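K.L.:
This structure is in structure tokens; I'll ask about it shortly.
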Amino acid sequence: MKKIKIKNTEPKRLDSVLAEVLQVSRANVQKAVKNGLVLVNDKKVINNTLITDQDSVTYDPVLTHPVKPKVIEKNIDLDVIYEDDDVLVVNKPAGLLVHPTDTSAETTLFDLLKKRIKKFEKIGDSPIRGGIVHRLDKMVSGIIIVAKNQKAFEHLKEQFKERHAQKMYTTLVHGTMEKKQGKIDLSIERSKSTGRMAAKPASQGGRASLTHYTVLNQFPHHALLDIKIDTGRTHQIRTHLFAIGHPVVGDPLYKQRNQKLMDIGRIFLHARELAITLPNGTLMTFEAVLPGELEAVMETIPKL
């Protein structure tokens, strides 16, 4: 076992601290903790244990050398929307992971960016994320902006952290919307029983999350929505819409128990617009049109 020195004086989650210090994925840390490969003060603990510089943390060296599946190369061309000396903006297709995981052997957006941007993996806070400052779920498509150098990374990271970046999405949901416009102000946290994200009133804990929606078109059994999010929590849009009884079409995770999954080969959620101030001070708005496969889905939806 190896010992690690904890620098934070304020309490932080064990899995978050170890992932950052050891430069490994949080999922990998969580598995190690669950298997008893990480000890705090010589005792087995759980992942959400809070630690400070007063605690002694030891870990099995295998944690920093996980066995990873060999990457299966795919010929995927980057759909570049914009590029300058500091940033690259791409339109990610559905089905492409943003960054590597411990269990997947798929080519990721990170892999493609490494081939295009010199020393991409050395940018940012993690060698498995490089200059990636935000992400989209695998089965979601749309705009992603990445940094091409460390200065740009810090700038973009601040833009997202301070919520200066404006993100707009298009989604198709089940059901009839009662209002043409509205907002969903519910906190989000991971459910201990299901493992997926769950929305709840702010008074019950979780992380504050705010989603705005506008109905673009109402159909007999579905609604096309324009979505703006003020926060960027994991599965925020999917979780929020599910919580108000209007799950996203094609979503196998957040759906009603008695609802038959409309299998469209992906989730009907597309990051269509991003407005952000670039490192050079220019405010830019980037757009990505609805992918052809989603346009095809729209053709099959019964009209009023």
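The values are calculated or read from the model by the stated rules, or taken from the named source; none is laboratory data. Treat the numbers as computed from the prediction; the structure is a model and nothing was measured. Reconstructed Cβ throughout: ideal geometry from the backbone, glycine too, with neighbour counts over all protein chains shown.
K.L.:
Would you check if Leu39 is within 26 Å of Phe153 (Cα to Cα) and either in a strand (DSSP E or B) or modelled with pLDDT of 85 or more (or both)?
P.N.:
no
K.L.:
How many residues are part of a strand (DSSP E or B), free of Cβ contacts under 8 Å to residues at least 60 places away in the same chain and of a type outside the set (Gly, Ala, Ser) if we restrict to the range 170-217?
P.N.:
17
K.L.:
Sticking with this structure for a sec: Hey, could you check the range 123-149 for residues that are of a type in the set (Val, Ile, Thr) and surrounded by 21 or more Cβ atoms within 10 Å (Cβ to Cβ) and say which is farthest from the chain's Cα centre (by Cα)?
P.N.:
Of everything passing the filter in the range 123-149, Ile123 is farthest from the chain's Cα centre (by Cα).
K.L.:
From the list Lys151, Lys180, which one is modelled with pLDDT of 95 or more and not assigned by TED's automatic domain parsing to the domain that holds Gly245?
P.N.:
Unique residue meeting the criteria: Lys151.
K.L.:
Checking the conditions here, which among Lys161, Lys200, Lys157, Lys192 is within 30 Å of Pro127 (Cα to Cα), basic (Lys, Arg) and surrounded by 14 or more Cβ atoms within 10 Å (Cβ to Cβ)?
P.N.:
Being within 30 Å of Pro127 (Cα to Cα), basic (Lys, Arg) and surrounded by 14 or more Cβ atoms within 10 Å (Cβ to Cβ) holds for just one of Lys161, Lys200, Lys157, Lys192, which is Lys157.
K.L.:
Determine which member of the set Ile46, Ile123, Ile81 is among the β-branched types (Val, Ile, Thr), at pLDDT 85 or above and out of contact with any helix residue (DSSP H, G or I) (no Cβ under 9 Å at 6 or more places or on another chain).
P.N.:
Just a single option satisfies the conditions, and that option is Ile81.
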